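Scroll down for the structure; my scribbles are underneath it.
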Amino acid sequence: MLDTDGHRPERRSALIAHELSRLDIDIAALSEVRLADEGNLKEHGAGYRLYWSGKPRCERRLPGVGFMVKNSIASRLENLPTGHSDRIMSMRLSLRKGQYITLSSVYAPTLQAEPAEKGKFYTDLRIFSLQVREDDKVIILGDFNARVGKDSETWSGILGKHGVGKCNGNGRLLLEFCTEQQLVITHTLFQQRDILKTTWMHPRSKHWHLLDYILVRRRDQRDVLHTRVLPSAECHTDHRLVHCKLNLHKVLFVALTAKFSSTTRPPSSPDVQESALLQIPQQLFKPELDEFPTLEGTLKAIEQMKIGKAAGVDGIPPEVWKAGGKALDTSFTSSSRFAGTKANYLQIFGMQLSSP
């Protein structure tokens, strides 16, 4: 995140800070920061300070979480943000009349991760939740790599009536955690088109799913004015930005979730009308394309290839695929599944704080 090369005029943390400044964000929660240990640095040009929590320097660093806080807010913090692991970080901010809010930046393991890794994440998250003061407002922002679906009857009080898609294994883990902690998934409280709910497009089916969540305590759900996706936001990544507005003790919070790349926004990029984006028809839902490739599917695809055709972008002619046998078929299937579960990206969950 701090590297500089010929294609990056500034380190990525500086680029992110400038983008946050353009969007007028006060607090941003980041994931996949990939910096070692714990620390902080100041981005003088944009007026932000970055705090992070990652793995030790001697270990491979893939997750990593953090906060980027506007300097005017950072000066009001009673304590520095606390790293609980390389997947969970928290900070506590005072509101008015002795009220506090605890914010958490989290990044959950993917669907294909080992059960033990997922179990450890939720165990750590539960341990942290027990440490939060009972009278604090709570906001958890993060990529949970989970689809929670829309079964509001089974998950009454956790899911609203406006969910999207189907629930998967990771989604059930998240729903069980929300049930234990009395949290509500704010996205599902508001009726709107799916384009204003979903945040990530499956690379094969081209169908959009909701993976990024903003959670609040059920008793505080009346504080949530709305939660919706901003399709026209300049994220430059494969995840959309989510906008959540809350009214807390006459202090207005606007929470954002998004993913930003390491590239800057082109100065001449025209603004896109959100109404125009809403008119674009969505792809028909093909659930079979959401599944990872199987060996049987690979064999069928290879069998349908015609001999004598030119090689595709992989440079391998059909004759080689057909002659490769089971070893090549199995290796290609495994590689396809791996490619479908790995993505190098930086995710940001932002929060804008202002007084009405």
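Principal axis extents for the stretch 150-221, Cα atoms only, whole Å, descending order, please.
Answer, in whole Å and largest first: 37, 25, 20 Å.
At 1.4 Å probe size, with no ligands or nucleic acids counted, give the accessible surface of residue 156 in Å², nearest ten.
Surface accessible to solvent at residue 156 totals approximately 80 Å².
State the volume of the convex hull built on the alpha-carbon positions of the stretch 16-78, expressed per residue in Å³ and rounded to an integer.
Numbers: hull volume 4.9 nm³, N = 63.
Expressed per residue, the convex hull around the Cα atoms of the stretch 16-78 is 78 Å³.
If you wrap the stretch 1-137's Cα atoms in a convex hull and average its projection over all directions, what's the area in nm²? Could the numbers behind the result be given before it?
Working: hull surface 39.5 nm².
Averaged projected area of the stretch 1-137's Cα convex hull equals 9.9 nm².
Considering only protein heavy atoms, what is the solvent-accessible area of residue 37 at a probe of 1.4 Å, reported in Å² to the nearest 10?
60 Å²
Tell me, what % of the accessible area of the stretch 84-229 is carbon and sulfur with a 1.4 angstrom probe? Please list the in-between numbers first.
Details: 3090 of 6370 Å².
The nonpolar share, carbon plus sulfur, comes to 48 percent.
Just list whichever of 118/300; 55/120; 97/161; 300/326; 150/197; 55/137 have alpha carbons separated by over 22 Å in the model shown.
Details: 118/300 34 Å; 55/120 15 Å; 97/161 34 Å; 300/326 13 Å; 150/197 12 Å; 55/137 29 Å.
Over 22 Å Cα-Cα: 118/300; 97/161; 55/137.
Can you pull out the GluC sites (Glu not before Pro) in the stretch 142-215 that DSSP calls coil and that have at most 12 other Cβ atoms within 10 Å?
Working: sites: 153, 176, 180; in loops: 153.
The qualifying sites are 153.
So, in Å, what gap is there between the alpha-carbon centers of the stretch 209-229 and the stretch 137-160?
About 8 Å separates the Cα centre of the stretch 209-229 from the one of the stretch 137-160.
The values are calculated or read from the model by the stated rules, or taken from the named source; none is laboratory data. For clarity, every value in this text was computed on a predicted model and none was experimentally measured. All Cβ positions, glycine included, derive from the backbone under ideal geometry; neighbour counts span all protein chains shown. Ligands, DNA and RNA are excluded from the accessible area calculation, which covers all protein heavy atoms including side chains. Shrake-Rupley method; radii C 1.70, N 1.55, O 1.52, S 1.80 Å.
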